[in-house]
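Let me begin by presenting the structure, written as structure tokens, before commenting on it.
The values are calculated or read from the model by the stated rules, or taken from the named source; none is laboratory data. Keep in mind the model is a prediction, meaning the values are calculated, not measured. For neighbour counting, all protein chains shown are included, and Cβ atoms are generated from backbone atoms with ideal geometry for every residue, glycine included.
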Amino acid sequence: MTKGWKFLIKIICVPFIIAELHCLLNFHRIQIDGLNGELYCLVNGDDTQYADDFSDRNFTKIKNGMTEKQVKDLLGEPLKIFSYDSLFDKKTFEQGHCIGLKYTDHPSGGTFHLRIIHLDYGKVVKVMAHIDN
């Protein structure tokens, strides 16, 4: 094989190897947002600020019915805790008893990986995760 062909093969293979490594290192985030979400953030920039002890790997373990303590044991303290009060009708969440645990934010207002856990009476009722901007 000539030097020209070896160089061409390297040029073609290196980006694929880098993409594979990126996917392996960010497997759990891709599991949550999908490959399209990951590519969207790579192209448009990722402005995600995460809570100190947050991990996407542990986020995938959150299930409906878990307690607030179980969530915090897995993910640590959220960046923000907020109350919904009247944002939802009573069919969805009991008024005054629903809180949101926000584990990500976007300090510059750019594209980010949104991660919010909704609790009603101290139990997980909804897990939100998607790319937002």
In the stretch 51-77, anything under 16 Å from Gly100 (Cβ atoms) and within 14 Å of the chain's Cα centre (by Cα) is listed as Ala51, Phe54, Phe59, Ile62, Leu75
For Tyr40, indicate whether it is surrounded by 14 or more Cβ atoms within 10 Å (Cβ to Cβ) and within 10 Å of the chain's Cα centre (by Cα). no
One residue is enough: does the stretch 81-89 have a residue meeting the conditions within 22 Å of Ile32 (Cβ to Cβ), of a type outside the set (Ser, Thr, Tyr) and either touching a Phe, Trp or Tyr at 6+ places or on another chain (Cβ under 8 Å) or modelled with pLDDT under 95 (or both)? yes
Within the stretch 4-16, how many residues are surrounded by fewer than 10 Cβ atoms within 10 Å (Cβ to Cβ) and β-branched (Val, Ile, Thr)? 2
Looking only at the stretch 49-78, which residues are at pLDDT below 95 and basic (Lys, Arg)? Arg57
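Listed here are the residues, each with its yes/no results for (1) part of a loop (DSSP other than H, G, I, E, B); (2) of a type in the set (Lys, Arg).
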| position | (1), (2) |
| --- | --- |
| Leu8 | no, no |
| Ile32 | no, no |
| Asp46 | yes, no |
| Arg57 | no, yes |
| Lys63 | yes, yes |
